[in-house]
Every structure is written in structure tokens, then in C-alpha cells.
1. Which ones in the stretch A:60-103 are of a type outside the set (Val, Ile, Thr), at the interface with another protein chain (Cβ under 7 Å from one of its Cβ atoms), without any contact (Cβ under 8 Å) to a residue 40 or more places away in the chain and not in a loop (DSSP other than H, G, I, E, B)?
2. Can you tell me how many residues in the stretch B:193-218 are assigned to a helix (DSSP H, G or I), closer than 28 Å to residue A:149 by Cβ and out of contact with any Leu (no Cβ under 9 Å at 6 or more places or on another chain)?
3. Can you give me the number of residues within the stretch A:90-100 that are touching a strand residue (DSSP E or B) at 6+ places or on another chain (Cβ under 8 Å) and over 15 Å from residue A:139 (Cα atoms)?
4. Which condition number in (1) crowded, with 16+ Cβ neighbours inside 10 Å; (2) in contact with a Phe, Trp or Tyr (Cβ under 9 Å, 6 or more places away or on another chain) is the one that residue A:23 fails?
5. Could you grab me the full set of residues in the stretch A:73-95 that are crowded, with 22+ Cβ neighbours inside 10 Å and closer than 15 Å to residue B:219 by Cβ?
6. Polar (S, T, N, Q) and exposed (fewer than 15 other Cβ atoms within 10 Å of the Cβ): is that true of residue A:188 in this structure?
7. Looking only at the stretch B:193-216, filter to residues that are more than 9 Å from chain A (Cβ to nearest Cβ) and out of contact with any Ser or Thr (no Cβ under 8 Å at 6 or more places or on another chain); which one of those is surrounded by the most Cβ atoms within 10 Å (Cβ to Cβ)?
8. The conditions are (1) within 16 Å of residue B:184 (Cα to Cα); (2) surrounded by fewer than 24 Cβ atoms within 10 Å (Cβ to Cβ), and residue B:341 fails exactly one of them. Which is it?
Amino acid sequence: MATIDVRNVCKRFGKQQVVDDVSFEVVRGEIFGLLGPNGAGKTTTIRMILDIFKPDSGTISILGGPMTEDKKDRIGYLPEERGLYQDISLERGLVYLATLKGLSASEAQKRIQTWLERFDLADHKNKRIKELSKGMQQKAQLIATLVHEPELIIIDEPFSALDPVNTQMVKDLLREQRDAGKAIVMCTHQMHQVEELADRLVLINRGQSVLYGSLDEVRRRYAGQDVIVRALAPLPASLPGVDRVERENGQYRLHLTSGTTVQDLLRCLVEENIPLEQFEVALPTLDQIFIQIVTREGEAL
Amino acid sequence: MKKFWLVFKYEYLRHVLRKRFLFGLLSVPLFIVVILGIGMISALLAIDNKPAGYVDQAGLLTITEVPGEEEGIFADPPLVAFPNEAAALEAIDRGEIGAFYVIPPDYLETGEVRVITREADSNLSQGRFTRLVRINLLAREDEAVAKRVLEGPQMILRSVDGTRETNESNFLSFLVPFSAGVLFMIAVNSSGGYLLQAVVEEKENRTMEIVITSVSPEQLMAGKVLGNLRVGLTQLFAWILFGVVGLWVAKNFFPFAENLAIDLTSVMLMLITLLPAFVMVAALMAMAGATATESSEAQQIAGLFSLPIVAPYWFAGSIMTNPNGPLATGLSLFPLTAPVALPMRAIVTNVPVGQVILAVVLLVLVALLALLLAARAFRLGMLRYVKRVTWGELFRSRRAVA
């Protein structure tokens, strides 16, 4: 059973169609990338999943059915527009948010202590939140998202304004949660982060779903006729079936002519007795795929 | 429902546990005590408690003590008898008395009494001397007649239907509705201010989305409104408690306050209008907070709701002189002015029961409507961080809210 099942969802604000017939599923034990440029409709989709907005049409099932008040306790959400109560102590603020997620005050206190120690915040628990650095506040927000051990974690732009150390920490945390069987939705426009973490993804552009599947599958689908080769000897000036050769960082990028397969090239190189160190199909990055799709859509309009 | 209580408790404790709240709570009674204290100290400094003397040349004063005469700082100083003017003058010189009366032999014919003093501002103990003379003059009269002459008529102001009455020395019947109105305004404004801040806070600090994905907007709003309402009520009841203690102290330690009593009709009217009025103002404040994006902006909008609450004080003269006129009636029916205007009218007239019921019903209805609009404003505005909710949007169809 899917943790989230979004089917043909549409949402319009005034004259603007913000989400248009979007469908996808998120299952347990995966990091799911909800991608798209700014203003694509990602946050609106998340808000519909969380029942903050009602869709105009389509259905959304979360944790096995429509959203209920009880289910809110099983979800951890870190929105893009995020913050904490500023005028109270860190511990009190976190305990309050944890009790709103169904934990008893004593249990919340116990768990928060563990998290604070893990994030090196234990010494600051009695400080007012506004006295903490931005980085510390971001870590505290993560604690608020995870302290009640949610089955579903939704994080909107998880890496925005994070320094490299905290970025790595969030990545490790997300992997850890995935391995613990949680379903994680990571909503971002930073493609390289998705490439590193996500198992599957949906790409939304202008409110429409334009790409959906596993990361590997998507990249293969958009792979062109390029091969990356690293050889111990120089390549011949011309190779049959190769249109163009580019040299970059000690490796060659070979553009194949139409009709030439990767296997044809490999056979040719072996026959030429060229000692190979690396031979791989050049898969496009998500950034390249994203630009390709968005540009194509822009031209089509 | 459990989460409503969590919000309610959080909102209540975050204010009540602050030093600022405790200071606000104590500052009002402290201010009153300080003002009264300064007044008493200056009065004490001005009091000359030196006894006064008298020389009875008419042989009139056979009784030398007035029965039941009060003694103390604020009572008239005692009187000392002297055989002749020379002895009394010597006593003045020695500083034993400040002044003395001379009752000449023809007093009964002329009614004239001379007062001799070195200082014009000496305490003459005039009330005590007058009572002493009267009691002696009436010594041979029937006891009941003498008592009536001495005490004078006890005037009791009673309503036509006989349901309410007050006596002339009971200034509390005027003071309580006026001061309670002021306290009500302070309490409403402070708890309304807290509420404004509370509603706009989640938008300012960007915790709104986290909170509304943990608790329903309705429970969040209800918890906030009632939690902050309780802050105001705590403040108000603490002040009432201070007032009751103050009254008890006054009645037991100050003779002039013996006859003080609170007019129950005004108190009842205040109580039945208080709660719906509190809910109404709180909801209006919450609505202002929900439509705004920053607390400073919300404060400006909320100021508009505070103005009508004080309006009855501007028209206090008209209300008191014409308590059943259209202005007084209108102000006591209009929900924003009713909590102050209704008890004010009740001081000087019997407000018709129908009008009281109508005023309370209107208050409750407006309070419910304000709550509904506040919830709607909250739903519409909860995720607007830049653009405020317009009044047009607020009153548009329910569909817009979904």
C-alpha cells in the first residue's frame, strides 16, 4: 500500500491553474523527490497532501485514506517557510510542538534530550530560541520534524540556507530515516541533491507532471548517444561510428553517430587494442534533463 | 480536543508566567494603593489633632461626653473644659489646645458662641462641639425625639418598583460601575493585545504550517482565543479580589466606610455582559490579527475596536442625566458599548428587563459572528506572509475559505 497516493489532482487559484492533473505514489522506505522550478506547484501539491488546501478535483490518499486529525501525528513536516517560537526556551518550544504531535510531555522531554545531544544542542536547551544561531535553529526544526518518529516525512527545500556541514547532516539523517522504513518526500529544485539521495521522483513544471519514475530509469530514458571513455593510451584520431570526440578532465566523451550502438563502439575499441580504464554510457544529470524538458516545454508554448 | 487544551494551556501559561504579566497585574492595585496612600499621608500631615477647649459661662453643658463619639486620627479631636478664659488661654500658650469656645451666659437667647484661637487653621473640633451642645440642649427631651433631632433624616434612594435602593453615604454605588468599566477596558485590551500577538506570531515566526499540520485550525484558534481570554479574566478577577479585600479593610478600619455596599444590580449587569463582551472583543482582535501579516499592523486595526468601548465615558454626563433617552439606550444596546453603558445606566435608573435581554442577546450574537469571522480570517490568512486578507475576501462566500 502506498503511503501517499495522488491521483489526477488539480488546483486553481483565481485564473491560474497551479496544479494540473498531477499523479504519483510514494511508498515506505524510499526517498521521493518532488521536483520542479520555483512556482511549478510543488508546495501547493504538498499543502494539498497535508489537507491545508483542498484539491479542486482528483483524489489524495495518505497513510491509507483521506487525511484525519489522528494521521497528523504520524507525519513530520518541515515546510519551506519555517521557523520556531522565538521568545521561549529551546526545550519548551520543542516540547510544545512534540506534544501537539501526540507525545506526552514527559516522553517528549526524554526524546528531545536525546536529539539535542545528538545535534550538540543540549547545552543550549534553556536558551531562548531567538538567541540561537541560524544553524542551531535549523537543527532544532529538524528535531521538531522527527521527534515523534513519523511514518511519513515531508521536507520542503531541505537544504535551503544550510551550510555544507548541516547539509551533510541532513542527508545522513534522511538516509537513516529511509533505512528505518520511513517514506520521505523531498521537495526541491536543487537537482544535484536529488540525484544523490532520491530513489524515485516526479518532476512538475507549470503545474503538470512531466517526468515520473525511478532516478535510474529517468536518466536512462534521457541518455543520449554519448559514451565516456578513460584509456591508458591516446585514442586514434578517428573511430568508426564516432561523430565527435571531446576531451575533458583526462577522459574522452565520444558522441556516436545515429545507428551506432554502444556495443559497436566497445567492440571497435577492443579490436584496436586500446587499453581501457573506464567505459560507460554517459547518463545525463538531472539538471540537464530538467533544462531539456523545461526548454522544450517553453518552446512548445 | 486534547490538542485544544494543549494550545489553551500554552497560550495561558506563556503570558501568566512572564514577569511582565505579574507586573501588569500588580501595577493597577499598587497604583490605587499608592494614590490613596499619598492622599492619606498628605491628609495626616495636614491634620491638627490638638484638643479644643470650651468655657461654659452659660452653665449649659452638664453632659461632658457625647455617647458613641468616634476616636482616632480622622475623628474630631477631644474637647477639654476650662473654668474661665484665662485658664484656656494659658492652655493655648502651653500648646495643650489649639482653640477654645466660649459659651456666653446669654447663649440661649442669642445662639452666639465665640471661638478663640492663635492660629486660623487650628482644628476647632466643630462637629464634636456642636454635637455636645445639641445633646445638652436636648437632655430633657424625649429620648426618641432627641435621637431623631441629633441624627437627622436617613435618606434612602429607592427605585419606583422597590427592587433597588441606596443610601446617600454609599458612594460605591457610583464608583463601582465606573471603575469596573475602566478595569474591564484594561483587561480586554491587554488580553486582546496578547491575542493579537498570538495570532500573528505564527505568521511572523513562520511556525504556522508546522502548527496547522499538527492541530486543526479550529482547535488552534479556539485554544488561542480562550487561552488569552483566561489571561484577561485572571487579571480582572485578581483586581476584583483586590477590590473586595480593599473594601473589607475600609469597612473594618475606616469609620466613614461603614455603610458602604455594592449595588448588586450593576454587578449582575456587568457579570452577564462581561463574558460575551470578552469573547466578542477577543474574537475581533483575533480577526484583526489573522488578517494582518505583522503585529504592528494588527495593533493599528485593533485600535479601531478599542475606541467604542470607551465611548460611554465620553457621554457619561448625558447617560446619567437622561438614562432612558435614545443615546443612553442606544449605547447600552450596541454590543461594543453595552458592557460599560449598561451598568452606567443602572446606577441612575431601572433598565427595562427587555432591554437587558436584548443587549445580552445582541452581544452573544455578535460574539459568535466575530468568532466565525475570526476563524474564517484565520483560515484565509494563515499562510499569507506578505499580502493581508481584505475585508472583501472575509465576507465573500464560504467557498473561498475552502
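The values are calculated or read from the model by the stated rules, or taken from the named source; none is laboratory data. Remember, it's a predicted structure, so these values are computed and weren't measured experimentally. Using ideal geometry, Cβ is built from the backbone for each residue, glycine included, and neighbour counts are taken over all protein chains shown.
1. Residues satisfying the conditions are A:72, A:96, A:100.
2. Count: 3.
3. Summing the residues that are touching a strand residue (DSSP E or B) at 6+ places or on another chain (Cβ under 8 Å) and over 15 Å from residue A:139 (Cα atoms) in the stretch A:90-100 gives 0.
4. Against the list (1) crowded, with 16+ Cβ neighbours inside 10 Å; (2) in contact with a Phe, Trp or Tyr (Cβ under 9 Å, 6 or more places away or on another chain), residue A:23 comes up short only on (1).
5. Passing the criteria: none in range.
6. No: the conditions fail for residue A:188.
7. Across the stretch B:193-216, the extreme among qualifying residues is B:195.
8. Unmet for residue B:341, out of (1) within 16 Å of residue B:184 (Cα to Cα); (2) surrounded by fewer than 24 Cβ atoms within 10 Å (Cβ to Cβ): (2).
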